[in-house]
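Have a look at the structure below, then the notes.
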Amino acid sequence: MHLYDLGSVPWPDSQLTYHALPRLHREALVLLSPASPYVCIGYHQDLEKEVDVEFCRANDIPVFRREVGGGGVYLDGDQLFYQLIIHKENPLAPSDKTTFYRKFLEPPIETYREIGIPAEYKPVNDIVAKKRKISGNGAAEIGDYLILVGNLIVDFNYEMMSRVLRVPDEKFRDKVYESMRENLTTIKRELAEKPTRESLNASLARNFEKLLGPLPRAEVDEELRNEVSRLSPKFLNEEWLYKIGRPMEGRTVRIASGVDVKHLVHKAPGGLIRGDVEIADGAITSLALSGDFFFYPADKLTDLSQALVGRKEAEVEETISEFYEKHRIESPGVEPTDFAKVVVG
């Protein structure tokens, strides 16, 4: 395994690098920051439900959909990213995702503690200091590799984060801003003097080495540059960005006798789940699931939706449970009953 300490990079590279490395069958720890701001949404999110797309376009803020679950976030150079790419068969990699988070979030926690911030792990995937979130993290599977992505938050633009989100009205946006200020903190807020980026990255590398062993430095070579370039057309186009489509709006709409269209939302411990479902004569005829949760393997979420089409409402939870068992699904903080709540209410 190698260390790529890349400093400031073009914003697409801050995402595409960790998407490229597993496709090249390389284990690595990547440390970097984006050179310019952008919005990044989770693999399962519905773009237009989560992001004010018109505002982003008007203000030249790019939007990127990653192959990692979780929620949408505004990212810029005041956040230092760590990205771990490790093979599933590596004996250092726990197969259980909760254990994976707990183990590999220890290095950034230790880095925070070294600079005087009393950081702690908070299940499923957060790092908190004095009960406030101070690091956002996510995990994914790409091929035969497990991916951990996260950040040290040196500073944070609360106003811009509240502005890029899609909200029902400006009063609600003000509440989002106030809630973020109360529940999300930064190194700048916690310390009188900010450490240098170089010292933070050196601390991260040193603490990851305690778990992973020596991490010889590597540079971005031609093969990696070519793979990033190869992936760019897929990840930087609207088909990928809008991949979930535009599900129906509204709570419950009666289309005809015996035919209902529902939009249900449920907040599970592991994230927000949205369900857009059409039910005819008590059976599901179409279903779209989205949200900021984590679901492994990620591509099985579409299969879960398809498995529920044709099922009666009374069969939904049992069908989901059977699907979980058959496909060995992991969704930390989200149970089959949570999905059932956004399908049948």
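The values are calculated or read from the model by the stated rules, or taken from the named source; none is laboratory data. Quick caveat, the model's predicted, so the values are computed rather than measured. In this analysis, Cβ positions are derived from the backbone assuming ideal geometry, glycine residues included, and neighbour counts consider all displayed protein chains.
It is to be established whether one or more residues within segment 115-122 are farther than 24 Å from Cys56 by Cα and among the hydroxyl-bearing types (Ser, Thr, Tyr).
For segment 115-122, residues farther than 24 Å from Cys56 by Cα and among the hydroxyl-bearing types (Ser, Thr, Tyr): present.
Would you call Gly77 in contact (Cβ under 8 Å) with a residue 60 or more places away in the chain, in a loop (DSSP other than H, G, I, E, B), more than 16 Å from the chain's Cα centre (by Cα) and within 27 Å of Val9 (Cα to Cα)?
Here the answer is yes, as Gly77 does meet what is asked.
Check off (1) assigned to a loop (DSSP other than H, G, I, E, B); (2) under 21 Å from Gly77 (Cα atoms) for Asp5 and give me the number that stays unchecked.
Going through (1) assigned to a loop (DSSP other than H, G, I, E, B); (2) under 21 Å from Gly77 (Cα atoms) one by one, Asp5 breaks only (1).
Inside segment 307-340, can you point out the residues that are out of contact with any helix residue (DSSP H, G or I) (no Cβ under 6 Å at 6 or more places or on another chain), farther than 22 Å from Lys267 by Cα and touching a residue at least 12 places away in the same chain (Cβ under 8 Å)?
Within segment 307-340, Val309, Gly310, Lys312 meet the criteria.
Condition check ((1) within 30 Å of Ala298 (Cα to Cα); (2) in contact with a Ser or Thr (Cβ under 6 Å, 6 or more places away or on another chain)) across all residues:
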| residue | (1), (2) |
| --- | --- |
| Val128 | yes, no |
| Ile153 | yes, yes |
| Lys171 | no, no |
| Glu193 | no, no |
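Would you call Glu223 at pLDDT 95 or above, surrounded by 15 or more Cβ atoms within 10 Å (Cβ to Cβ), in a helix (DSSP H, G or I) and acidic (Asp, Glu)?
So Glu223 fails the test.
Looking only at helices (runs of 4 or more DSSP H) that lie completely in segment 84-193, which have at least 1 residues being without any contact (Cβ under 8 Å) to a residue 24 or more places away in the chain and among the hydroxyl-bearing types (Ser, Thr, Tyr)?
Passing ranges, in order: 97-104, 158-164, 170-183.
From (1) buried (at least 17 other Cβ atoms within 10 Å of the Cβ); (2) within 19 Å of the chain's Cα centre (by Cα); (3) of a type outside the set (Asp, Glu), pick out the condition that doesn't hold for Ile115.
Result: Ile115 fails condition (2) only.
Give me the residue from segment 194-212 that is part of a loop (DSSP other than H, G, I, E, B) and not hydroxyl-bearing (Ser, Thr, Tyr) and, out of that set, surrounded by the fewest Cβ atoms within 10 Å (Cβ to Cβ).
Of everything passing the filter in segment 194-212, Lys194 is surrounded by the fewest Cβ atoms within 10 Å (Cβ to Cβ).
With touching a helix residue (DSSP H, G or I) at 6+ places or on another chain (Cβ under 6 Å), closer than 26 Å to Leu289 by Cα, modelled with pLDDT of 95 or more and crowded, with 16+ Cβ neighbours inside 10 Å as the only criterion, which of Val53, Val63 stands out?
Result of the check over Val53, Val63: Val63.
Looking only at segment 53-74, which residues are over 18 Å from Phe156 (Cβ atoms) and either among the basic types (Lys, Arg) or in a loop (DSSP other than H, G, I, E, B) (or both)?
If the condition is that a residue be over 18 Å from Phe156 (Cβ atoms) and either among the basic types (Lys, Arg) or in a loop (DSSP other than H, G, I, E, B) (or both), then Arg57, Asp60, Pro62, Arg65, Arg66, Glu67, Val68, Gly69 are the ones that fit.
Which of the residues belonging to segment 145-181 are among the basic types (Lys, Arg) and either closer than 30 Å to Pro94 by Cα or surrounded by 20 or more Cβ atoms within 10 Å (Cβ to Cβ) (or both)?
Answer for segment 145-181, where residues must be among the basic types (Lys, Arg) and either closer than 30 Å to Pro94 by Cα or surrounded by 20 or more Cβ atoms within 10 Å (Cβ to Cβ) (or both): there is none.
Go through segment 312-345 and give me each residue that's closer than 14 Å to Glu278 by Cα and surrounded by fewer than 20 Cβ atoms within 10 Å (Cβ to Cβ).
Across segment 312-345, the qualifying residues are Lys312, Glu313, Gly345.
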